[in-house]
Amino acid sequence: LDNIKKSFNKYTNLLPNKGILVKNNDDINSIGVENNSKGKMITYGINNKSDYMAKNINTNEFGHYSFDVYNKEKELCRINLNISGIHNVYNALAALSVAVELEIHIDEIKNGISNFKKL
């Protein structure tokens, strides 16, 4: 694990000034990855204060998650996943945060994530 962290830190150090580092703020193994990065960092998470956060998380009878997405205390949208697993809430937050930073309209992001299905 230490070698993976060292490699990731080397990788983030290569990020250019205009690059974006996307960090899971709930992952203890991500602590400090931004220290050597020149790019902009955005964070996402559920438990720790982050730029993009999932709140009001629920599951339906199929175990599919739904949640509200907030960006710095501003509610952006509600996401309804068609797949199960809390890790997919994190995956959706990561994808959403990148898409917002790339200035994709929130309705397009929401529809894309909500319509994603496991093959």
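The values are calculated or read from the model by the stated rules, or taken from the named source; none is laboratory data. Keep in mind that this is a model prediction, so the values were computed, not measured. Don't worry about glycine lacking a Cβ; one is built from the backbone with ideal geometry, like all the others, and counts go over all protein chains shown. Ligands, DNA and RNA are stripped out before the accessible areas are found, and what is left, the full protein with its side chains, is counted by its heavy atoms. Shrake-Rupley method; radii C 1.70, N 1.55, O 1.52, S 1.80 Å.
Please give the charge dipole size of region 20-90, origin at the Cα centre, charges +1 on K and R Cβ atoms and -1 on D and E Cβ atoms. Round to the nearest 20 debye. Spell out each step's value before the answer.
On the way: 8 positive and 8 negative charges, 56 e Å.
Roughly 260 debye, rounded to the nearest 20.
Quick check for you: with a 1.4 Å probe and neighbouring chains kept, what is the accessible area per residue of region 39-118, in Å²? Could the numbers behind the result be given before it?
On the way: 4630 Å² over 80 residues.
Using a 1.4 Å probe on heavy atoms only, each residue of region 39-118 averages 58 Å².
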Once exposed loop GluC sites (Glu not before Pro) are cut out (DSSP; at most 11 other Cβ, 10 Å), longest piece of the chain | 1-60
What number, rounded to the nearest 500 deg cm²/dmol, is the helix-based mean residue ellipticity at 222 nm of the chain, given -39500 (n - 2.57) per DSSP H run of at least four residues and division by all its residues?
-> -9500 deg cm²/dmol
Label-point separation in nm, Ile20 to Lys72, each point 7 Å along Cα→Cβ | 1.4 nm
Ranked by accessible surface with a 1.4 Å probe, highest first, in what order do Leu96, Leu14, Leu102, Leu76 come?
-> Leu14, Leu102, Leu76, Leu96
On a 0 to 90° scale, report how tilted helix 2-13 is relative to the longest principal axis of the chain, with both axes built from alpha carbons and the result rounded to the nearest 10.
-> 90 degrees
Round to a whole number: what % of the accessible area of the chain belongs to carbon and sulfur, probe 1.4 Å?
-> 51 percent
Region 45-116 and region 1-34 have their Cα centres apart by a whole-number Å value of 22 Å
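I need the chymotrypsin sites (Phe, Trp or Tyr not before Pro) found in region 1-109, filtered to DSSP loop residues with at most 12 other beta carbons within 10 Å of theirs. Provide the component values of the computation, followed by the final result.
Numbers: sites: Phe8, Tyr11, Tyr44, Tyr52, Phe62, Tyr65, Phe67, Tyr70, Tyr90; in loops: Phe62.
Passing both the DSSP loop test and the Cβ count: Phe62.
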Against the rule of thumb 2.2 N^0.38 Å, how large the Cα Rg of the chain comes out = 1.11
Not counting the cut sites, what is the longest span of the chain without trypsin sites (Lys or Arg not before Pro) that DSSP labels loop and that have at most 11 other Cβ atoms within 10 Å?
-> 73-116
